[in-house]
């Protein structure tokens, strides 16, 4: 594995590495609908069985929660930039798939490997519904009691969000939320598009939602800014998960986090689980996190082992699935810049050093709910978005989130590399 001592890099080479880093981790604005997963192109599963007629439309209406600063767009419509807001907002974002498509046309094209025309994603109206109070919340005494007026304002915001989730749950037999957390240099639109297309291919079950933190500043300082924006957002993300966990009708929350969003997510869950366990609660019942999927995680493996294993995060999460790829150039550059032995997004059993295996292997032998899935198939040049762009990888993600299938089973026949380490190869679901 290539390792570079950052202190020995000449300034001009260091700048070149940073420029490459910014390039390979950059988000993308505006795009066509993701490729049809093998699962549907091969007719293995029916994507839209028993779908509520109200959801049979070329439009996707998803919930968002964000602590980005709002900013006016050129047409006067609401938009969110990379500035940090001290209050958490939530609302609705509409995404149109294709142009003037009927539901029948969209459903048909969504089953085809080769489509008859382009299905572009277009962001429609963004409507902010409410806001939580500005944080830090003010206190009224030395006992750190919260200001009663702020408590009331917070309660009103929580109730509004709860009622909106309940309204959407009534439209689907799947009483769960599917929550997406984006990565570095992704703007608000990037996150909305990704969740819209993923939820479409998840069969439009449950309630689609994003948590969008203030990433996307760009420039040479963009990664440092985004990294600290992720830290800034932890309190707001905890408020969101607390609110979701308080909804009686909600059976569970499924979280998919990508790239730097994995750090935001793991840190948030760590704090909530420790807090819940310290209060004598069962964190799995308090927050109902049924699935946690980390895709292309930009996290140091040693740091990750401390957060997940040492802090026993498994007690508060139903199942953890970690997608990795040795060919992920974005994570490779991150390893070089930060001097990591290994980052989670590039984990392969053969690449893990002896001391890491000594920590991870015994724990995985007794923790049945963590699986590493190494992607060895084709990917775009950067190799950082395979979970979305590779039809086999997206199929496996659907089998995890929608169908909750364990790896190595007949319906999800991944190859086992070692206990809890699996290999995902192109076409593993394609029939002869």
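Of all residues in region 216-227, how many are touching a strand residue (DSSP E or B) at 6+ places or on another chain (Cβ under 9 Å) and either closer than 22 Å to residue 270 by Cα or surrounded by fewer than 16 Cβ atoms within 10 Å (Cβ to Cβ) (or both)?
Counting residues in region 216-227 that are touching a strand residue (DSSP E or B) at 6+ places or on another chain (Cβ under 9 Å) and either closer than 22 Å to residue 270 by Cα or surrounded by fewer than 16 Cβ atoms within 10 Å (Cβ to Cβ) (or both) gives 1.
Surrounded by fewer than 19 Cβ atoms within 10 Å (Cβ to Cβ) and in a loop (DSSP other than H, G, I, E, B), is that true of residue 380?
The answer is yes for residue 380.
Kindly indicate the residue of region 176-204 that is in contact with a helix residue (DSSP H, G or I) (Cβ under 7 Å, 6 or more places away or on another chain) and part of a strand (DSSP E or B) and also surrounded by the most Cβ atoms within 10 Å (Cβ to Cβ) among those meeting that condition.
181
Given the structure, is residue 287 over 21 Å from residue 412 (Cα atoms) and either over 17 Å from the mean Cα position of the chain (by Cα) or modelled with pLDDT of 95 or more (or both)?
Yes: the conditions hold for residue 287.
Within the group 68, 56, 84, 13, which residue is at pLDDT 95 or above and over 24 Å from the mean Cα position of the chain (by Cα)?
So the residue among 68, 56, 84, 13 that is at pLDDT 95 or above and over 24 Å from the mean Cα position of the chain (by Cα) is 56.
Tally up the residues in region 246-287 that are surrounded by fewer than 18 Cβ atoms within 10 Å (Cβ to Cβ) and under 20 Å from residue 89 (Cα atoms), please.
Residues flagged as surrounded by fewer than 18 Cβ atoms within 10 Å (Cβ to Cβ) and under 20 Å from residue 89 (Cα atoms) within region 246-287 amount to 1.
All but one of (1) under 23 Å from residue 210 (Cα atoms); (2) part of a loop (DSSP other than H, G, I, E, B) hold for residue 281; which doesn't?
The failed condition is (1).
Applying the selection to region 69-88, what residues are in contact (Cβ under 8 Å) with a residue 24 or more places away in the chain, out of contact with any helix residue (DSSP H, G or I) (no Cβ under 6 Å at 6 or more places or on another chain) and closer than 17 Å to residue 123 by Cβ?
70, 77, 78, 79, 81, 82 - these are the residues of region 69-88 that are in contact (Cβ under 8 Å) with a residue 24 or more places away in the chain, out of contact with any helix residue (DSSP H, G or I) (no Cβ under 6 Å at 6 or more places or on another chain) and closer than 17 Å to residue 123 by Cβ.
The values are calculated or read from the model by the stated rules, or taken from the named source; none is laboratory data. As the structure is a prediction and not an experimental result, all values here were calculated from the model. Cβ sites come from the backbone with ideal geometry, for glycine too, and all protein chains shown count toward neighbours.
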